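*Asks:* Sending over a structure as C-alpha coordinates; questions will come in a sec.
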Amino acid sequence: MNNYLKIIVGSLCFTIITICIALHVTKNLDDSIYVLLHNTVTSDTIIQYLIVISTIFSPIGCLCMVIIILIGLFIYDRFKFYWYGFWCFSVFAIGTFLKYVIQRPRPSLTIEGYSFPSMHVLSVCVLVSLVILLTKNKVITIISVILVLSVMISRVYLKAHFFTDTMGSLCVIYILIQTLQIEFTTKSNNSIKKAH
(Lines give C-alpha, C1' and ligand atoms only; values in the text may rest on other atoms or scores of the structure.)
Protein backbone atom coordinates (compact mmCIF):
# COMPACT_ATOMS: atom_id res chain seq x y z
CA MET A 1 0.00 0.00 0.00
CA ASN A 2 1.57 3.32 -0.99
CA ASN A 3 1.97 6.17 1.48
CA TYR A 4 -0.84 8.29 0.00
CA LEU A 5 -3.32 5.45 0.42
CA LYS A 6 -2.07 4.92 3.99
CA ILE A 7 -2.70 8.62 4.69
CA ILE A 8 -6.26 8.28 3.37
CA VAL A 9 -6.89 5.17 5.50
CA GLY A 10 -5.43 6.83 8.61
CA SER A 11 -7.46 9.98 7.98
CA LEU A 12 -10.65 7.97 7.57
CA CYS A 13 -10.00 6.12 10.84
CA PHE A 14 -9.32 9.41 12.63
CA THR A 15 -12.45 10.99 11.15
CA ILE A 16 -14.61 8.00 12.12
CA ILE A 17 -13.27 8.08 15.70
CA THR A 18 -13.85 11.84 15.93
CA ILE A 19 -17.41 11.58 14.60
CA CYS A 20 -18.20 8.68 16.94
CA ILE A 21 -16.89 10.72 19.88
CA ALA A 22 -19.01 13.72 18.85
CA LEU A 23 -22.09 11.47 18.63
CA HIS A 24 -21.24 9.82 22.00
CA VAL A 25 -21.13 6.41 20.31
CA THR A 26 -17.81 5.46 21.92
CA LYS A 27 -19.02 5.54 25.54
CA ASN A 28 -19.68 1.78 25.81
CA LEU A 29 -16.33 0.90 24.21
CA ASP A 30 -14.41 3.37 26.38
CA ASP A 31 -16.18 2.20 29.57
CA SER A 32 -15.63 -1.47 28.69
CA ILE A 33 -11.90 -1.00 28.14
CA TYR A 34 -11.59 0.93 31.41
CA VAL A 35 -13.44 -1.78 33.37
CA LEU A 36 -11.42 -4.52 31.66
CA LEU A 37 -8.14 -2.83 32.63
CA HIS A 38 -9.23 -2.35 36.23
CA ASN A 39 -10.34 -5.97 36.49
CA THR A 40 -7.13 -7.23 34.87
CA VAL A 41 -4.47 -4.96 36.35
CA THR A 42 -4.59 -5.59 40.10
CA SER A 43 -0.91 -5.91 41.01
CA ASP A 44 0.46 -2.94 42.98
CA THR A 45 3.77 -3.32 41.14
CA ILE A 46 2.12 -2.98 37.73
CA ILE A 47 0.02 -0.04 38.92
CA GLN A 48 3.19 1.71 40.14
CA TYR A 49 4.85 0.93 36.80
CA LEU A 50 1.91 2.57 34.98
CA ILE A 51 2.13 5.66 37.19
CA VAL A 52 5.91 5.96 36.67
CA ILE A 53 5.65 5.45 32.89
CA SER A 54 2.90 8.06 32.68
CA THR A 55 5.03 10.52 34.66
CA ILE A 56 8.35 9.98 32.87
CA PHE A 57 6.82 9.97 29.39
CA SER A 58 4.64 13.03 29.86
CA PRO A 59 4.41 15.40 26.89
CA ILE A 60 7.00 17.71 28.48
CA GLY A 61 9.30 14.78 29.29
CA CYS A 62 9.05 13.45 25.74
CA LEU A 63 9.58 16.92 24.29
CA CYS A 64 12.79 17.29 26.34
CA MET A 65 14.03 13.88 25.14
CA VAL A 66 13.20 14.80 21.53
CA ILE A 67 15.10 18.09 21.89
CA ILE A 68 18.16 16.24 23.23
CA ILE A 69 18.08 13.86 20.24
CA LEU A 70 17.64 16.79 17.85
CA ILE A 71 20.64 18.58 19.38
CA GLY A 72 22.70 15.47 18.63
CA LEU A 73 21.35 15.46 15.08
CA PHE A 74 22.22 19.15 14.69
CA ILE A 75 25.83 18.27 15.43
CA TYR A 76 26.04 15.09 13.32
CA ASP A 77 23.50 15.36 10.49
CA ARG A 78 21.98 18.74 9.72
CA PHE A 79 19.71 17.39 6.97
CA LYS A 80 18.02 14.94 9.34
CA PHE A 81 17.98 17.59 12.07
CA TYR A 82 15.91 19.95 9.90
CA TRP A 83 13.53 17.31 8.55
CA TYR A 84 13.01 15.36 11.75
CA GLY A 85 12.93 18.54 13.84
CA PHE A 86 10.27 20.11 11.65
CA TRP A 87 8.31 16.85 11.64
CA CYS A 88 8.46 16.41 15.44
CA PHE A 89 7.31 19.92 16.21
CA SER A 90 4.59 19.67 13.55
CA VAL A 91 3.22 16.58 15.30
CA PHE A 92 3.23 18.35 18.68
CA ALA A 93 1.55 21.41 17.14
CA ILE A 94 -1.11 19.39 15.30
CA GLY A 95 -1.89 17.34 18.42
CA THR A 96 -2.26 20.49 20.53
CA PHE A 97 -4.40 22.15 17.86
CA LEU A 98 -6.73 19.13 17.66
CA LYS A 99 -7.01 18.97 21.45
CA TYR A 100 -8.22 22.58 21.66
CA VAL A 101 -10.48 22.38 18.61
CA ILE A 102 -12.24 19.17 19.67
CA GLN A 103 -12.28 19.99 23.43
CA ARG A 104 -13.39 16.57 24.67
CA PRO A 105 -13.67 16.56 28.47
CA ARG A 106 -11.46 14.13 30.37
CA PRO A 107 -12.97 11.04 32.02
CA SER A 108 -11.88 12.37 35.43
CA LEU A 109 -12.88 15.90 36.36
CA THR A 110 -9.87 16.12 38.70
CA ILE A 111 -7.49 16.28 35.71
CA GLU A 112 -7.29 19.58 33.86
CA GLY A 113 -7.31 20.06 30.11
CA TYR A 114 -8.92 18.24 27.24
CA SER A 115 -8.80 14.58 26.43
CA PHE A 116 -8.73 13.98 22.66
CA PRO A 117 -6.21 13.14 21.28
CA SER A 118 -3.97 11.92 24.08
CA MET A 119 -0.84 14.07 24.06
CA HIS A 120 0.94 11.51 26.28
CA VAL A 121 0.46 8.84 23.62
CA LEU A 122 1.20 11.20 20.75
CA SER A 123 4.35 12.50 22.47
CA VAL A 124 5.76 9.06 23.25
CA CYS A 125 4.96 8.02 19.67
CA VAL A 126 6.95 11.00 18.35
CA LEU A 127 9.86 10.06 20.60
CA VAL A 128 9.93 6.36 19.69
CA SER A 129 9.32 7.09 15.99
CA LEU A 130 12.34 9.38 15.98
CA VAL A 131 14.48 6.76 17.73
CA ILE A 132 13.30 4.00 15.38
CA LEU A 133 13.89 6.15 12.28
CA LEU A 134 17.42 6.91 13.45
CA THR A 135 18.42 3.43 14.64
CA LYS A 136 16.38 1.05 12.44
CA ASN A 137 16.97 -1.60 15.14
CA LYS A 138 14.44 -4.43 15.70
CA VAL A 139 15.08 -4.70 19.45
CA ILE A 140 14.51 -0.95 19.89
CA THR A 141 11.35 -1.25 17.80
CA ILE A 142 9.99 -4.00 20.07
CA ILE A 143 10.85 -1.99 23.20
CA SER A 144 9.21 1.06 21.63
CA VAL A 145 5.98 -0.82 20.92
CA ILE A 146 5.89 -2.04 24.53
CA LEU A 147 6.49 1.52 25.75
CA VAL A 148 3.68 2.96 23.61
CA LEU A 149 1.26 0.23 24.76
CA SER A 150 2.29 0.88 28.38
CA VAL A 151 1.58 4.60 28.05
CA MET A 152 -1.77 3.88 26.38
CA ILE A 153 -2.77 1.48 29.16
CA SER A 154 -1.54 3.86 31.87
CA ARG A 155 -3.53 6.81 30.55
CA VAL A 156 -6.75 4.79 30.39
CA TYR A 157 -6.12 3.01 33.70
CA LEU A 158 -5.40 6.30 35.51
CA LYS A 159 -8.61 7.75 34.04
CA ALA A 160 -6.71 10.55 32.32
CA HIS A 161 -7.96 9.50 28.88
CA PHE A 162 -10.56 7.40 27.18
CA PHE A 163 -9.41 4.45 25.08
CA THR A 164 -10.56 6.24 21.92
CA ASP A 165 -8.30 9.22 22.82
CA THR A 166 -5.30 6.92 22.65
CA MET A 167 -6.48 5.41 19.36
CA GLY A 168 -6.95 8.90 17.92
CA SER A 169 -3.33 9.67 18.79
CA LEU A 170 -2.19 6.52 16.98
CA CYS A 171 -4.12 7.63 13.89
CA VAL A 172 -2.51 11.09 13.97
CA ILE A 173 1.03 9.71 14.31
CA TYR A 174 0.35 7.11 11.59
CA ILE A 175 -0.77 9.82 9.15
CA LEU A 176 2.20 12.04 9.93
CA ILE A 177 4.73 9.20 9.65
CA GLN A 178 3.38 8.54 6.15
CA THR A 179 3.89 12.21 5.21
CA LEU A 180 7.48 11.98 6.43
CA GLN A 181 8.02 8.80 4.39
CA ILE A 182 6.63 10.54 1.28
CA GLU A 183 9.04 13.43 1.73
CA PHE A 184 12.06 11.17 2.21
CA THR A 185 11.07 9.02 -0.77
CA THR A 186 10.76 12.16 -2.91
CA LYS A 187 14.15 13.45 -1.71
CA SER A 188 15.78 10.04 -2.38
CA ASN A 189 14.31 9.86 -5.89
CA ASN A 190 15.48 13.40 -6.66
CA SER A 191 18.99 12.57 -5.41
CA ILE A 192 19.13 9.44 -7.64
CA LYS A 193 17.97 11.43 -10.69
CA LYS A 194 20.63 14.12 -10.07
CA ALA A 195 23.31 11.42 -9.76
CA HIS A 196 22.49 10.12 -13.25
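*Asks:* Of these, V41, V52, which one is under 20 Å from Y157 (Cβ atoms) and modelled with pLDDT under 90?
*Replies:* V41
*Asks:* Applying the selection to the stretch 74-94, what residues are in contact (Cβ under 8 Å) with a residue 24 or more places away in the chain and hydrophobic (A, V, I, L, M, F, W, C)? Spell out how you get there, then give the answer.
*Replies:* Taking the stretch 74-94 first, the residues in contact (Cβ under 8 Å) with a residue 24 or more places away in the chain are 80, 83-84, 87-88, 90-92, 94.
Residues satisfying the conditions are W83, W87, C88, V91, F92, I94.
*Asks:* Go through the stretch 68-98 and report how many residues are of a type in the set (G, A, S), out of contact with any helix residue (DSSP H, G or I) (no Cβ under 6 Å at 6 or more places or on another chain) and under 26 Å from P117 (Cβ atoms). Working first, answer last.
*Replies:* Restricting attention to the stretch 68-98, the residues satisfying the condition of being of a type in the set (G, A, S) are 72, 85, 90, 93, 95.
Filter once more, keeping what is out of contact with any helix residue (DSSP H, G or I) (no Cβ under 6 Å at 6 or more places or on another chain): 72, 90, 93.
Adding the requirement that they be under 26 Å from P117 (Cβ atoms) leaves 90, 93.
Total meeting the criteria: 2.
*Asks:* Go through the stretch 17-50 and give me each residue that's exposed (fewer than 12 other Cβ atoms within 10 Å of the Cβ) and closer than 12 Å to F162 by Cβ.
*Replies:* H24, N28, S32 - these are the residues of the stretch 17-50 that are exposed (fewer than 12 other Cβ atoms within 10 Å of the Cβ) and closer than 12 Å to F162 by Cβ.
*Asks:* Report yes if V156 is assigned to a helix (DSSP H, G or I), over 12 Å from the mean Cα position of the chain (by Cα), aliphatic (A, V, I, L, M) and under 17 Å from K27 (Cβ atoms), otherwise no.
*Replies:* Details: assigned to a helix (DSSP H, G or I): yes; over 12 Å from the mean Cα position of the chain (by Cα): yes; aliphatic (A, V, I, L, M): yes; under 17 Å from K27 (Cβ atoms): yes.
Criteria met by V156.
Here's the yes/no breakdown for (1) part of a helix (DSSP H, G or I); (2) among the aliphatic types (A, V, I, L, M):
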site	(1), (2)
V91	yes, yes
V101	yes, yes
L109	no, yes
P117	no, no
V128	yes, yes
V151	yes, yes
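*Asks:* Quick one: which residue in M119, M152 is closer than 28 Å to S43 by Cβ, buried (at least 21 other Cβ atoms within 10 Å of the Cβ) and in contact with a Pro (Cβ under 6 Å, 6 or more places away or on another chain)?
*Replies:* Details: M152 fails: in contact with a Pro (Cβ under 6 Å, 6 or more places away or on another chain).
The conditions single out M119.
*Asks:* If you don't mind, another one. Looking at I47, I16, which one is aliphatic (A, V, I, L, M) and touching a residue at least 40 places away in the same chain (Cβ under 8 Å)?
*Replies:* Details: I16 fails: touching a residue at least 40 places away in the same chain (Cβ under 8 Å).
Result of the check over I47, I16: I47.
*Asks:* If we keep just the residues of the stretch 93-115 that are surrounded by 16 or more Cβ atoms within 10 Å (Cβ to Cβ) and touching a Lys or Arg at 6+ places or on another chain (Cβ under 7 Å), which is nearest to V172 (Cα to Cα)? Break it down stepwise before answering.
*Replies:* Restricting attention to the stretch 93-115, the residues satisfying the condition of being surrounded by 16 or more Cβ atoms within 10 Å (Cβ to Cβ) are 94-95, 98-99, 102, 104, 106-107, 114-115.
Filter once more, keeping what is touching a Lys or Arg at 6+ places or on another chain (Cβ under 7 Å): 107, 114-115.
Numbers: P107: 21, Y114: 16, S115: 14 Å.
Looking at residues that are surrounded by 16 or more Cβ atoms within 10 Å (Cβ to Cβ) and touching a Lys or Arg at 6+ places or on another chain (Cβ under 7 Å), I get S115.
*Asks:* Could you check, for the stretch 130-146, whether at least one of its residues is surrounded by 16 or more Cβ atoms within 10 Å (Cβ to Cβ), within 10 Å of the chain's Cα centre (by Cα) and modelled with pLDDT of 90 or more?
*Replies:* no
*Asks:* Continuing with the same structure: Taking the stretch 62-110 on its own, how many of its residues are within 20 Å of the chain's Cα centre (by Cα) and closer than 30 Å to A22 by Cα?
*Replies:* So the count comes out to 23.
*Asks:* For the condition modelled with pLDDT of 90 or more, aliphatic (A, V, I, L, M), assigned to a helix (DSSP H, G or I) and in contact with a helix residue (DSSP H, G or I) (Cβ under 7 Å, 6 or more places away or on another chain), what is the one hit in I7, I60, I33?
*Replies:* Numbers: I7 fails: modelled with pLDDT of 90 or more; I60 fails: in contact with a helix residue (DSSP H, G or I) (Cβ under 7 Å, 6 or more places away or on another chain).
On inspection, the qualifying residue turns out to be I33.
The values are calculated or read from the model by the stated rules, or taken from the named source; none is laboratory data. Remember, predicted model here, so these are calculated numbers, not experimental data. Every residue, glycine as well, gets a Cβ built from its backbone with ideal geometry; the counts of neighbours run over all protein chains shown.
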